[in-house]
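Q: Below you will find the structure I want to go over with you.
The values are calculated or read from the model by the stated rules, or taken from the named source; none is laboratory data. None of the values given here were measured: they were computed from a predicted structure. Cβ: placed from backbone, ideal geometry, glycine included. Neighbour counts: every protein chain shown.
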Amino acid sequence: MYSKLLSCLNSIRKITDFVPEAGLVLGSGLGDYAESIKTAAAVEYSDIEGFPVSTVKGHKGRFVFGYVENVPVVIMQGRVHYYEGYRMSDVVLPVRLMGMLGAKKLILTNAAGGVNPAFHAGDFMIITDHITTGVPSPLIGPNIEELGTRFPDMSEVYSIRMRNIIKKSAEECGIKPQEGVYVQFTGPNYETPAEIRMASRWGADAVGMSTACEAMAARHMGLEVCGISCITNMAAGISATPLNHREVQEIADRVSSQFKQLVTKVITNI
Ligand code: HPA
(Lines give C-alpha, C1' and ligand atoms only; values in the text may rest on other atoms or scores of the structure.)
Protein backbone atom coordinates (compact mmCIF):
# COMPACT_ATOMS: atom_id res chain seq x y z
CA MET A 1 0.00 0.00 0.00
CA TYR A 2 2.77 2.45 0.89
CA SER A 3 4.55 1.85 -2.42
CA LYS A 4 1.24 2.51 -4.23
CA LEU A 5 0.95 5.80 -2.31
CA LEU A 6 4.51 6.70 -3.25
CA SER A 7 3.90 6.00 -6.92
CA CYS A 8 0.72 8.15 -6.84
CA LEU A 9 2.69 10.91 -5.12
CA ASN A 10 5.38 10.60 -7.76
CA SER A 11 2.78 10.98 -10.57
CA ILE A 12 1.50 14.18 -8.97
CA ARG A 13 4.98 15.56 -8.31
CA LYS A 14 5.76 15.21 -12.02
CA ILE A 15 2.97 17.72 -12.65
CA THR A 16 3.22 20.12 -9.71
CA ASP A 17 5.43 20.87 -6.71
CA PHE A 18 2.62 22.75 -4.93
CA VAL A 19 2.64 22.22 -1.15
CA PRO A 20 -0.82 22.68 0.42
CA GLU A 21 -1.45 23.78 3.98
CA ALA A 22 -4.91 22.21 4.06
CA GLY A 23 -6.81 19.53 2.19
CA LEU A 24 -10.48 19.89 1.35
CA VAL A 25 -12.80 17.06 0.33
CA LEU A 26 -15.92 18.21 -1.47
CA GLY A 27 -19.24 16.48 -0.93
CA SER A 28 -22.50 16.84 -2.87
CA GLY A 29 -23.39 20.44 -3.62
CA LEU A 30 -19.81 21.64 -3.31
CA GLY A 31 -18.52 19.97 -6.46
CA ASP A 32 -17.86 23.23 -8.27
CA TYR A 33 -16.19 24.99 -5.31
CA ALA A 34 -12.80 24.29 -6.82
CA GLU A 35 -13.74 26.43 -9.83
CA SER A 36 -14.06 29.50 -7.60
CA ILE A 37 -10.52 29.42 -6.18
CA LYS A 38 -7.27 30.87 -7.48
CA THR A 39 -6.02 27.74 -9.23
CA ALA A 40 -2.32 26.93 -9.46
CA ALA A 41 -2.52 23.41 -10.90
CA ALA A 42 -4.93 20.53 -11.44
CA VAL A 43 -4.23 16.82 -11.68
CA GLU A 44 -6.84 14.43 -13.10
CA TYR A 45 -7.21 11.26 -11.04
CA SER A 46 -6.92 9.27 -14.26
CA ASP A 47 -3.40 10.67 -14.73
CA ILE A 48 -2.28 9.29 -11.36
CA GLU A 49 -0.93 5.78 -11.61
CA GLY A 50 -2.91 3.36 -9.43
CA PHE A 51 -5.46 5.95 -8.30
CA PRO A 52 -9.05 4.72 -7.67
CA VAL A 53 -11.31 6.62 -10.10
CA SER A 54 -14.90 7.41 -8.99
CA THR A 55 -17.82 6.04 -10.99
CA VAL A 56 -20.63 8.18 -9.52
CA LYS A 57 -22.32 10.49 -12.00
CA GLY A 58 -21.66 14.15 -11.28
CA HIS A 59 -18.52 13.40 -9.30
CA LYS A 60 -15.58 15.00 -11.05
CA GLY A 61 -12.27 13.33 -10.50
CA ARG A 62 -9.31 15.57 -9.91
CA PHE A 63 -7.10 17.32 -7.41
CA VAL A 64 -7.16 21.09 -7.69
CA PHE A 65 -4.28 23.02 -6.16
CA GLY A 66 -4.65 26.70 -5.41
CA TYR A 67 -5.30 29.47 -2.94
CA VAL A 68 -8.35 30.35 -0.89
CA GLU A 69 -7.64 33.88 0.41
CA ASN A 70 -3.88 33.14 0.26
CA VAL A 71 -4.14 29.81 2.08
CA PRO A 72 -2.56 27.11 -0.11
CA VAL A 73 -5.01 24.23 -0.43
CA VAL A 74 -5.48 20.99 -2.29
CA ILE A 75 -9.07 20.19 -3.14
CA MET A 76 -10.34 16.72 -3.88
CA GLN A 77 -13.01 17.29 -6.46
CA GLY A 78 -14.88 14.01 -6.33
CA ARG A 79 -14.23 11.38 -3.70
CA VAL A 80 -14.15 7.61 -3.82
CA HIS A 81 -16.90 5.69 -2.00
CA TYR A 82 -16.76 2.24 -0.45
CA TYR A 83 -20.04 1.28 -2.17
CA GLU A 84 -18.37 1.62 -5.55
CA GLY A 85 -16.53 -1.59 -4.77
CA TYR A 86 -13.08 -0.35 -3.76
CA ARG A 87 -11.23 -1.66 -0.76
CA MET A 88 -11.27 0.70 2.20
CA SER A 89 -7.53 1.22 1.77
CA ASP A 90 -8.24 2.58 -1.73
CA VAL A 91 -11.16 4.70 -0.50
CA VAL A 92 -8.81 6.58 1.85
CA LEU A 93 -5.84 6.67 -0.53
CA PRO A 94 -6.63 10.19 -1.79
CA VAL A 95 -6.82 11.60 1.73
CA ARG A 96 -3.52 9.95 2.63
CA LEU A 97 -2.03 11.45 -0.51
CA MET A 98 -3.14 14.92 0.52
CA GLY A 99 -1.27 14.40 3.77
CA MET A 100 1.80 13.18 1.90
CA LEU A 101 1.61 16.25 -0.35
CA GLY A 102 2.09 18.35 2.77
CA ALA A 103 -1.41 19.15 4.05
CA LYS A 104 -1.44 19.44 7.84
CA LYS A 105 -5.16 20.07 8.14
CA LEU A 106 -8.13 18.39 6.54
CA ILE A 107 -11.64 19.70 5.99
CA LEU A 108 -14.18 17.04 5.10
CA THR A 109 -17.63 17.85 3.75
CA ASN A 110 -20.56 15.66 2.84
CA ALA A 111 -24.27 15.36 2.34
CA ALA A 112 -25.98 13.45 5.13
CA GLY A 113 -29.39 12.37 6.32
CA GLY A 114 -30.68 13.88 9.56
CA VAL A 115 -31.19 11.34 12.34
CA ASN A 116 -31.68 13.91 15.10
CA PRO A 117 -35.37 14.93 14.88
CA ALA A 118 -34.46 18.53 15.76
CA PHE A 119 -32.58 18.87 12.45
CA HIS A 120 -34.06 20.19 9.19
CA ALA A 121 -33.14 19.64 5.57
CA GLY A 122 -30.75 22.44 4.63
CA ASP A 123 -29.05 22.56 8.06
CA PHE A 124 -25.28 22.32 8.43
CA MET A 125 -23.86 20.06 11.11
CA ILE A 126 -20.40 20.39 12.63
CA ILE A 127 -19.20 16.82 13.09
CA THR A 128 -18.17 16.32 16.73
CA ASP A 129 -17.45 12.60 16.55
CA HIS A 130 -18.27 9.56 14.45
CA ILE A 131 -19.37 5.92 14.54
CA THR A 132 -17.88 3.55 11.97
CA THR A 133 -19.21 0.27 13.31
CA GLY A 134 -21.08 -0.25 10.04
CA VAL A 135 -17.99 -0.18 7.80
CA PRO A 136 -14.58 -1.88 7.88
CA SER A 137 -11.72 0.18 9.29
CA PRO A 138 -9.44 1.62 6.58
CA LEU A 139 -6.55 0.71 8.87
CA ILE A 140 -7.13 -3.05 8.58
CA GLY A 141 -4.15 -4.82 7.03
CA PRO A 142 -0.43 -4.38 7.59
CA ASN A 143 0.15 -1.07 9.36
CA ILE A 144 1.82 1.60 7.24
CA GLU A 145 4.52 2.49 9.75
CA GLU A 146 5.67 5.45 7.63
CA LEU A 147 2.26 7.08 8.23
CA GLY A 148 1.33 6.20 11.78
CA THR A 149 1.07 3.79 14.64
CA ARG A 150 -0.69 0.38 14.67
CA PHE A 151 -3.23 1.34 17.34
CA PRO A 152 -3.98 5.03 16.86
CA ASP A 153 -5.94 7.04 19.41
CA MET A 154 -9.36 8.23 18.20
CA SER A 155 -10.46 10.24 21.23
CA GLU A 156 -10.55 13.56 19.35
CA VAL A 157 -10.91 12.78 15.65
CA TYR A 158 -12.55 16.13 14.91
CA SER A 159 -10.31 18.79 16.43
CA ILE A 160 -11.95 20.98 19.05
CA ARG A 161 -9.88 23.90 17.75
CA MET A 162 -11.24 23.49 14.23
CA ARG A 163 -14.79 22.88 15.48
CA ASN A 164 -14.59 26.24 17.21
CA ILE A 165 -13.32 27.81 13.99
CA ILE A 166 -16.31 26.38 12.11
CA LYS A 167 -18.65 27.77 14.77
CA LYS A 168 -17.09 31.22 14.55
CA SER A 169 -17.07 31.09 10.73
CA ALA A 170 -20.73 30.06 10.63
CA GLU A 171 -21.59 32.99 12.87
CA GLU A 172 -19.75 35.32 10.50
CA CYS A 173 -21.84 33.89 7.64
CA GLY A 174 -25.10 34.24 9.57
CA ILE A 175 -25.51 30.45 9.76
CA LYS A 176 -26.70 28.66 12.91
CA PRO A 177 -24.96 25.31 12.67
CA GLN A 178 -26.07 22.08 14.31
CA GLU A 179 -23.50 19.85 15.99
CA GLY A 180 -23.46 16.10 16.27
CA VAL A 181 -22.22 12.61 15.68
CA TYR A 182 -21.95 11.23 12.14
CA VAL A 183 -22.46 7.53 11.52
CA GLN A 184 -21.11 5.97 8.34
CA PHE A 185 -22.85 3.06 6.66
CA THR A 186 -21.71 1.44 3.45
CA GLY A 187 -24.62 2.46 1.19
CA PRO A 188 -25.37 2.63 -1.67
CA ASN A 189 -28.90 1.95 -0.46
CA TYR A 190 -30.36 4.42 1.99
CA GLU A 191 -31.00 2.97 5.44
CA THR A 192 -34.18 1.33 6.68
CA PRO A 193 -36.24 3.05 9.39
CA ALA A 194 -35.11 0.30 11.81
CA GLU A 195 -31.46 1.04 11.02
CA ILE A 196 -32.07 4.72 11.63
CA ARG A 197 -33.73 3.96 15.00
CA MET A 198 -30.65 1.87 15.84
CA ALA A 199 -28.32 4.70 14.76
CA SER A 200 -30.29 7.11 16.91
CA ARG A 201 -29.95 4.86 19.96
CA TRP A 202 -26.23 4.53 19.25
CA GLY A 203 -26.05 8.30 19.59
CA ALA A 204 -25.86 9.35 15.95
CA ASP A 205 -27.27 12.66 14.73
CA ALA A 206 -26.58 12.27 11.01
CA VAL A 207 -25.99 9.38 8.63
CA GLY A 208 -23.96 9.09 5.47
CA MET A 209 -21.79 6.93 3.23
CA SER A 210 -18.38 8.63 3.45
CA THR A 211 -16.17 10.86 5.59
CA ALA A 212 -15.64 8.88 8.81
CA CYS A 213 -13.23 6.42 7.18
CA GLU A 214 -11.32 9.36 5.66
CA ALA A 215 -11.18 11.11 9.02
CA MET A 216 -9.83 7.94 10.61
CA ALA A 217 -7.06 7.52 8.02
CA ALA A 218 -6.15 11.19 8.35
CA ARG A 219 -5.94 10.96 12.15
CA HIS A 220 -3.79 7.86 11.82
CA MET A 221 -1.24 10.00 10.01
CA GLY A 222 -1.57 12.89 12.43
CA LEU A 223 -3.57 15.42 10.40
CA GLU A 224 -5.83 17.87 12.18
CA VAL A 225 -9.34 17.04 10.98
CA CYS A 226 -12.75 18.70 10.88
CA GLY A 227 -15.98 17.87 9.11
CA ILE A 228 -19.18 19.59 8.05
CA SER A 229 -22.31 17.75 6.95
CA CYS A 230 -24.99 19.33 4.85
CA ILE A 231 -28.25 17.76 6.04
CA THR A 232 -29.96 17.20 2.71
CA ASN A 233 -32.89 15.15 4.01
CA MET A 234 -34.30 13.64 7.14
CA ALA A 235 -33.29 9.98 7.33
CA ALA A 236 -35.60 7.06 6.59
CA GLY A 237 -38.54 6.74 8.94
CA ILE A 238 -38.02 10.28 10.27
CA SER A 239 -38.98 11.68 6.91
CA ALA A 240 -42.51 10.66 5.91
CA THR A 241 -41.53 10.30 2.25
CA PRO A 242 -39.24 7.80 0.50
CA LEU A 243 -35.69 9.02 -0.12
CA ASN A 244 -34.17 9.59 -3.50
CA HIS A 245 -30.83 10.84 -4.73
CA ARG A 246 -32.40 13.58 -6.86
CA GLU A 247 -33.98 15.28 -3.83
CA VAL A 248 -30.75 14.94 -1.87
CA GLN A 249 -28.95 16.62 -4.77
CA GLU A 250 -31.62 19.36 -5.02
CA ILE A 251 -31.23 20.39 -1.38
CA ALA A 252 -27.44 20.18 -1.66
CA ASP A 253 -27.61 22.50 -4.69
CA ARG A 254 -30.03 24.87 -2.98
CA VAL A 255 -27.70 25.53 -0.03
CA SER A 256 -24.48 25.23 -2.00
CA SER A 257 -23.70 28.96 -2.11
CA GLN A 258 -24.06 29.17 1.68
CA PHE A 259 -21.95 26.02 2.05
CA LYS A 260 -19.20 27.51 -0.14
CA GLN A 261 -19.24 30.76 1.81
CA LEU A 262 -18.86 28.79 5.06
CA VAL A 263 -15.99 26.65 3.74
CA THR A 264 -14.17 29.76 2.50
CA LYS A 265 -14.51 31.38 5.93
CA VAL A 266 -13.30 28.21 7.66
CA ILE A 267 -10.20 28.03 5.44
CA THR A 268 -9.51 31.74 5.96
CA ASN A 269 -9.74 31.29 9.74
CA ILE A 270 -7.73 28.12 9.78
N1 HPA B 1 -28.48 8.30 4.28
C2 HPA B 1 -27.22 8.04 3.90
N3 HPA B 1 -26.51 8.89 3.18
C4 HPA B 1 -27.06 10.07 2.84
C5 HPA B 1 -28.37 10.40 3.21
C6 HPA B 1 -29.13 9.46 3.98
O7 HPA B 1 -30.29 9.69 4.35
N8 HPA B 1 -28.62 11.64 2.70
C9 HPA B 1 -27.49 12.03 2.06
N10 HPA B 1 -26.54 11.09 2.14
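Q: Taking only pairs six or more apart or across chains, which ones have beta-carbon atoms under 6 Å, a first residue in the range 47-68 that is at pLDDT 90 or above, and a second residue that is surrounded by fewer than 16 Cβ atoms within 10 Å (Cβ to Cβ) and basic (Lys, Arg)?
A: GLY66/LYS38; TYR67/LYS38
Q: Keeping to the range 62-81, report how many residues are in a strand (DSSP E or B) and out of contact with any strand residue (DSSP E or B) (no Cβ under 7 Å at 6 or more places or on another chain).
A: 2
Q: Which residue out of CYS230, CYS226, CYS213 is within 13 Å of GLY122 (Cβ to Cβ) and touching a residue at least 40 places away in the same chain (Cβ under 8 Å)?
A: CYS230
Q: For ARG246, state whether it is buried (at least 16 other Cβ atoms within 10 Å of the Cβ), free of Cβ contacts under 8 Å to residues at least 60 places away in the same chain and within 14 Å of the ligand (Cβ to nearest atom).
A: Considered against the rule, which asks whether it is buried (at least 16 other Cβ atoms within 10 Å of the Cβ), free of Cβ contacts under 8 Å to residues at least 60 places away in the same chain and within 14 Å of the ligand (Cβ to nearest atom), ARG246 comes out as no.
Q: Among the numbered criteria (1) surrounded by fewer than 18 Cβ atoms within 10 Å (Cβ to Cβ); (2) within 16 Å of the ligand (Cβ to nearest atom); (3) modelled with pLDDT of 95 or more, which one does MET234 miss?
A: Among (1) surrounded by fewer than 18 Cβ atoms within 10 Å (Cβ to Cβ); (2) within 16 Å of the ligand (Cβ to nearest atom); (3) modelled with pLDDT of 95 or more, MET234 violates only (1).
Here's the yes/no breakdown for (1) more than 14 Å from the ligand (Cβ to nearest atom); (2) farther than 22 Å from VAL74 by Cβ; (3) modelled with pLDDT of 95 or more:
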site: LYS105; (1), (2), (3): yes, no, yes
site: LEU108; (1), (2), (3): no, no, yes
site: ALA118; (1), (2), (3): yes, yes, yes
site: VAL135; (1), (2), (3): no, yes, yes
site: LEU147; (1), (2), (3): yes, no, yes
site: ARG150; (1), (2), (3): yes, yes, yes
site: MET154; (1), (2), (3): yes, yes, yes
site: TYR158; (1), (2), (3): yes, no, yes
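Q: Among (1) more than 14 Å from the ligand (Cβ to nearest atom); (2) surrounded by 23 or more Cβ atoms within 10 Å (Cβ to Cβ), where does LYS265 come up short?
A: Condition not satisfied by LYS265: (2).
Q: Moving on. Could you figure out which of (1) touching an Asp or Glu at 6+ places or on another chain (Cβ under 9 Å); (2) surrounded by 14 or more Cβ atoms within 10 Å (Cβ to Cβ); (3) in a loop (DSSP other than H, G, I, E, B); (4) touching a residue at least 40 places away in the same chain (Cβ under 8 Å) isn't true of GLU156?
A: (4)
Q: Looking only at the range 4-43, which residues are part of a loop (DSSP other than H, G, I, E, B), under 22 Å from the mean Cα position of the chain (by Cα), modelled with pLDDT of 95 or more and surrounded by fewer than 17 Cβ atoms within 10 Å (Cβ to Cβ)?
A: VAL19
Q: Please determine, by comparing only the residues of the range 82-116 that are aromatic (Phe, Trp, Tyr) and in a helix (DSSP H, G or I), which one is nearest to PRO136 (Cα to Cα).
A: Looking at the filtered set, the residue picked out is TYR82.
Q: I'm trying to understand the selection: among the residues of the range 1-48, which are within 16 Å of the ligand (Cβ to nearest atom) and either within 22 Å of MET88 (Cβ to Cβ) or of a type in the set (A, V, I, L, M) (or both)?
A: Once the filter is applied, which keeps residues that are within 16 Å of the ligand (Cβ to nearest atom) and either within 22 Å of MET88 (Cβ to Cβ) or of a type in the set (A, V, I, L, M) (or both), the range 1-48 yields VAL25, LEU26, GLY27, SER28, LEU30.
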